[in-house]
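Every number in this text was worked out from the coordinates using simple rules, so none of it is lab data. All figures in this text were calculated on a predicted structure; none of them were measured in a lab. Glycine gets a Cβ as well: all are built from the backbone with ideal geometry, and neighbour counts include every protein chain shown.
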Amino acid sequence: MMGLQHTLPAAIRGLTLVLLLTVASGNPARAEPSSPEARLAEFMAGVHQYRQANRPELAGGAAAMPAGSGWPDLSAAAEEADIAVVRRQLAALREDFEPAALGPGARTQYDALVYELELLLERHHWRSHLFPVNQIVGTHLEIPGRLARGGPVDSTADLDALLRDLAAVPRLLAQLEAQLERQRDSAGGLPASLYPRLIEGARQVISGAPFDERGDNPVWSSVRERLQQGELDTTVMRQYLQRIRSALLGPYRQAYRSLIDTLEEHQLSAGHDGGVWQMPEGDAFYAFLLRQFTTTELSADEIHAYGLAEVTRIHAAMQTIMRTVEFDGELPEFFEFMRSSPQFYLANDAQGRVQLLARARELYQAMAERLPELVFEPPRQALEIRRFEEYREQSAPGAFYEAGAAGRAARFYLNLHDMATVATYDLEALVYHETVPGHHLQISAISADPAIPALRQQNVWWLNSAFVEGWALYAEQLAHDIGFYQDVYSDFGRLAAELWRACRLVVDTGLHAKRWSRDEAIRYLDDTTPSPHMANVRAVDRYIAVPGQATSFKIGMRRILEARERARDALGNRFDLRAFHQAVLANGYVPLDVMDRSIDRWVRRSRAGLQDDASGTSTPSIHF
């Protein structure tokens, strides 16, 4: 692997307008482009190249790295070298560009990059507080995810690349253990409730054949399947399978056992089981997390109050549905009816899972047919709807969208581990959230648009959460706006989904700013939502594991809805919903404040009758 410390001299050489363009090749920088927009495009291309070489977690993740190239460098030395580059990037950006001289689209890109670099600096300040892993995403889960992906294996070079990646896993996990040690020493370790989930998740990675007799391990089964699809000589195939098997049973398994040992050791001394307020400088740390995840300056008190108001509003809408179906009782009793009535649940067996997946696919197809009403160009990327792999199902969320790549369809995963917790009335909103017009539309549109700089096509889950998740929650409402949820119970499911996100505002701020205990947070969800108790337990553990992120959904939805209504009011009968959606997505993944300013510029230009691309620029040739 080409670690950051080896490429840094080339990365910072001649740090001017074309900063970091030489990071990959070491070639001399090109002549400075003439226009401010073109110079900014070059600057952003250089930042993107640097991240591809040195910060893969900011450029598509380890899964996007070429096979055999190793893994990200998680060492403290690499962190310090990288943050020095970030400081220089920000200084050069401010010194060499006058924001007022940029066209509308380029100004949006400038604002987004300034915000992002400032956030990276602030995140570095809190690096010893941040939890290195959680039960949903993290290095320990990203490793098998990457190793299990890929197409047919047709050459020994592919297998040699896989073996190199396997050999590098112990170093990567040792660096992860060092991060865990640093976090414990500086901030007191992870919350106690997370350790059992993390330990079980790590154990699942090294379970199944060839590790034991409990089914098939996803990495091992994927390798064998890809070899069968290829055209290698049988003898060569067997030789490599033996080498891969030995690598899995040797250093790979031992590295995970070492991680498990570290987690078990830390579990014994876990000092808290809840909010980050219990950590040193916890209140300031949480304020940073809210800025990071919402990309706004909203305080914990403001978010908490908004959440409570939304809970009240949504409860009133649910009571209307309760009266429509002539339910005799109060709202908590209606919730219990929705939780427990067999009519809302399929059999907890293979047939029930097949039925639910089939229903999800039907909903997706029905919405896909209506997309021309919402966007100018529906996504071209294929989509698969499938069940989570068993090795990560117990610790996974209820659903998850995974973007596609070259030669591989996008995937919408459903957690069907326990069908008794998967209500059928929830499915419609969930499908729209994760597929179309939600994440699949959003992410596919951004990745397919050549006018969006590569830097803004990278979705970093902790950096773009409000924009990404806000759009998907907005999509649930959008489906209602165009006539879906004809079944009254599915409409209840839509409201339940929005209620869930409103409760997240209350619970996340409750846990991390209002000093709520874990039990208080679980009880609030039990009393306020129709969600089953065990789902509420998992949810609270998620909010403990990823403090602040749960607030991004509803805040993002609110900002998009507010922007839409501002545009509708300003444009009147000239307002085109498809054009608005294009304007929201045309700049790629951006902070909410930056999106607001971009939409306002688009509205002004639309009122003036200027016919530009949706990002508000008349210079698409330089991809702004």
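Specify which labelled value, from [x] 35, 34, 26; [y] 45, 27, 22; [z] 60, 49, 27, agrees with semi-axes √(5λ) of the Cα gyration tensor in Å derived from the coordinates of the model shown. From the options [x] 35, 34, 26; [y] 45, 27, 22; [z] 60, 49, 27, the structure gives [x]. Note on segment 139-272: the alpha carbon radius of gyration divided by the globular reference 2.2 N^0.38 Å gives 1.19. Here the 3J(HN,Hα) profile of segment 480-485, calculated from phi with Karplus coefficients 6.51, -1.76 and 1.60 at θ = phi - 60°, is 5, 4, 9, x, 7, 6 Hz, Gly and Pro shown as x.
Taking 0.36 nm per residue of separation and subtracting the current Cα-Cα distance, fully stretching the chain between ARG370 and LEU561 would add 66.7 nm. Computed from the C-beta positions of ARG214 and GLU98, the FRET efficiency with R₀ = 56 Å rounds to 0.35.
Over segment 367-454, one equal point on each Cα, no solvent: what is log10 I(q)/I(0) by the Debye formula at q = 0.13, 0.15, 0.24 Å⁻¹? Rounded to two decimals, the profile gives -0.47, -0.61, -1.21. Using a simple spin-label model with pseudo-atoms 7 Å out from Cα toward Cβ, ARG253 and SER299 lie 5.6 nm apart. Listed values for segment 294-300 are Karplus-derived 3J(HN,Hα) couplings in whole Hz (6.51 cos²θ - 1.76 cosθ + 1.60, θ = phi - 60°), namely 9, 6, 9, 9, 4, 8, 4, and x replaces Gly and Pro. Computed over neighbours whose Cβ is under 11 Å from that of GLY398, the net charge equals -2, Lys and Arg +1, Asp and Glu -1.
Charged neighbours of ILE599, selected by a Cβ distance under 12 Å, balance to +3 (K, R count +1; D, E count -1). This ranking places ARG504, ARG601 by how few other beta-carbon atoms lie within 10 Å of each, fewest first, which gives ARG601, ARG504. Estimated from helices alone, the mean residue ellipticity of the chain at 222 nm is -19500 deg cm²/dmol (sum of -39500 (n - 2.57) over DSSP H runs with n ≥ 4, per residue). Given R0 = 51 Å, the distance between the Cβ atoms of ALA309 and SER221 translates into a calculated FRET efficiency of 0.55.
Taking the centroid of alpha carbons for each part, segment 223-265 and segment 280-319 are 45 Å apart. The amide H of ALA209, built 1.01 Å from its N in the peptide plane, has ARG214, GLY215, ASP216, ASN217 as neighbours under 5 Å, considering only residues 5 or more places off or on other chains. Close amide-amide hydrogen proximity is noted between ARG387 and LEU414, each under 5 Å apart and 5 or more residues distant or on a separate chain (H modeled in the peptide plane; Pro and chain starts excluded).
Packing, taken as the mean count of other beta carbons within 10 Å per residue, orders the peptides 435-448, 377-390 from highest to lowest as 435-448, 377-390.
Extension gain for VAL488-THR156 works out to 113.9 nm (0.36 nm per residue, less the C-alpha to C-alpha distance).
Under a 5 Å amide H cut-off, with hydrogens placed 1.01 Å from N, ALA399 pairs with ASN415 among residues at least 5 apart or on other chains. Extension gain, ASP328 to ALA77: 0.36 nm times the residue separation minus the Cα-Cα distance gives 83.9 nm. Annotation for ASP527 and ARG515: the two label points, set 7 Å from Cα along the Cα-Cβ direction, are 1.8 nm apart. Counting other Cβ atoms within 10 Å as a rough exposure proxy, the listed residues SER186, SER34, SER490, SER598 run SER34, SER186, SER490, SER598 from fewest neighbours to most.
Site pair GLN242 and VAL354 shows an inter-label distance of 4.0 nm when each label is modelled 7 Å from Cα along Cα→Cβ. Our coupling estimate for segment 592-603, obtained by passing each phi through the Karplus curve with A = 6.51, B = -1.76, C = 1.60 and θ = phi - 60°, is 4, 4, 5, 4, 4, 5, 5, 5, 5, 5, 4, 5 Hz, Gly and Pro reported as x.
Of interest is the spacing of the C-alpha centroids, which for segment 482-497 and segment 537-590 amounts to 20 Å. DSSP assigns beta bridges within the chain; of those with both partners inside it, close to 45 percent run antiparallel. Residues VAL311, VAL422, VAL354 in ascending order of nearby Cβ atoms (within 10 Å, fewest first): VAL354, VAL311, VAL422.
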